[in-house]
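A.B. asks: Structure in structure tokens, see below.
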Amino acid sequence: MKIRGFLLCCLGAAIVLFLLVSTIAAALVGSEEPCSENRFYRRLFQTWINLAIPVMRIKLDISGLELLPKDTPILYVGNHRSNFDPILAWYVLKDRPLGFVSKEGNFHIPIMGRLIRRCSCLSIDRSDPRKAIGSIYQAADILKSGISMGVYPEGTRSKGGVLLPFHTGVFKIAKRAGAPIAVIALDGSEKIHKNYPFRRSYVRFRVAAVLNADTVAHANDRELGVKVEEILRSALPEMK
């Protein structure tokens, strides 16, 4: 009993210390600070992600990772059903540094919103075309630097499980960076918030296809959007 109590105390102290370090690290990041890449913040944030998946009782069925080209940054494009979608991508692709183009609201989440600014995540304001294209160009520069990027061309979550119209401008990121596009099909993430904490959530994470850099370079944004949508509809049976 004494050993068990000691171990529980050690675990509690480790959790408190981790939360303290995270809070201090987040406080050191300005709320308007531009995105950047920092190894310490990347490891800290990845620790949060690694803890979140088992705590949220998420069981992942992962397939298609063998399709991903090695030693090259990739633009990951997927369907969007849940706020957990980026978390799942960070978890599955933990060995590949990954940032996201995301809505501004995500950068105001306590602690996490500050940390992701140091993990190559940047906001996009689709209400202002000039700012939006600036974010796209910045995302392309991040890709060129060796950090993969993730985008959801639907622009918002699909609450009905169907694909929403694409904002095809996001494909300029890959074209401008000369990078391949990996199409990610996610199924089941929309159930996580309903199931937790009483039931386990089963989520399928599938790399459905990869469009190589040459294919991306020779297609326009609309053509890429049509191709990606076809791949997703084929990969997700209920969308056929």
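A.B. asks: Rounding to the nearest 20 debye, state how big the charge dipole of region 2-93 is about its Cα centre with +1 on each Lys and Arg Cβ and -1 on each Asp and Glu Cβ.
C.D. replies: 560 debye
A.B. asks: Related question: Measure out, as a whole number of angstrom, how far apart the alpha-carbon centroids of region 116-131 and region 189-229 sit.
C.D. replies: 20 Å
A.B. asks: While we're looking at this one, here's another question. Give the long-range amide H neighbours of Asn79: residues separated by 5 or more places, or on another chain, with amide H under 5 Å away, using H modelled in the peptide plane at 1.01 Å from N.
C.D. replies: Ile184, Leu186
A.B. asks: With +1 on the Cβ of every Lys and Arg and -1 on the Cβ of every Asp and Glu, and nothing else charged, how large is the dipole of the chain about its Cα centre, in debye rounded to the nearest 20?
C.D. replies: 780 debye
A.B. asks: With a sphere of radius 15 Å drawn around the Cβ of Ala25, what net charge do the other residues whose Cβ falls strictly inside it have (Lys, Arg +1; Asp, Glu -1)?
C.D. replies: So the surrounding residues net to +4.
A.B. asks: Can you find, among Thr47, Asn79, Ala140, the residue sitting farthest towards the positive end of the charge dipole of the chain, where Lys and Arg contribute +1 and Asp and Glu -1 at Cβ?
C.D. replies: Of Thr47, Asn79, Ala140, it is Thr47.
A.B. asks: Something else about it: How many percent of DSSP beta bridges within the chain run antiparallel, rounded to 5?
C.D. replies: Restricted to the chain, the bridges split so that about 30 percent are antiparallel.
A.B. asks: Could you order the peptides 72-82, 161-171 from most to least packed, using the average number of other C-beta atoms within 10 Å per residue?
C.D. replies: Going by the mean number of other Cβ atoms within 10 Å, highest first, we get 72-82, 161-171.
A.B. asks: Starting at the first residue of region 21-27, write each ³J(HN,Hα) from the Karplus equation 6.51 cos²θ - 1.76 cosθ + 1.60 with θ = phi - 60°, in whole Hz, x for Gly and Pro.
C.D. replies: Working through the residues one at a time gives 4, 5, 5, 5, 4, 5, 5 Hz.
A.B. asks: If I compute solvent accessible area with a 1.4 Å probe over the protein chains, what percent of it on region 26-86 is carbon and sulfur?
C.D. replies: Whole-percent figure for carbon plus sulfur exposure: 57.
A.B. asks: Which whole-number percentage describes the relative contact order of region 75-219, with Cα contacts under 8 Å and a sequence gap of 6 or more?
C.D. replies: 30 percent
A.B. asks: Under the rule of at least 5 residues apart or a separate chain, name every residue whose amide H is placed under 5 Å from the amide H of Gly99.
C.D. replies: Under 5 Å from the amide H of Gly99 lie the amide H atoms of Ser148, Met149, Gly150, each far enough along the sequence or on another chain.
The values are calculated or read from the model by the stated rules, or taken from the named source; none is laboratory data. None of these values were measured; they are calculated from a predicted model. So basically every Cβ, Gly included, is an ideal-geometry build from the backbone, and we count neighbours across all protein chains shown. Note: accessible area is taken over every heavy atom of the protein model, side chains too, but ligands, DNA and RNA are not part of it. Shrake-Rupley method; radii C 1.70, N 1.55, O 1.52, S 1.80 Å.
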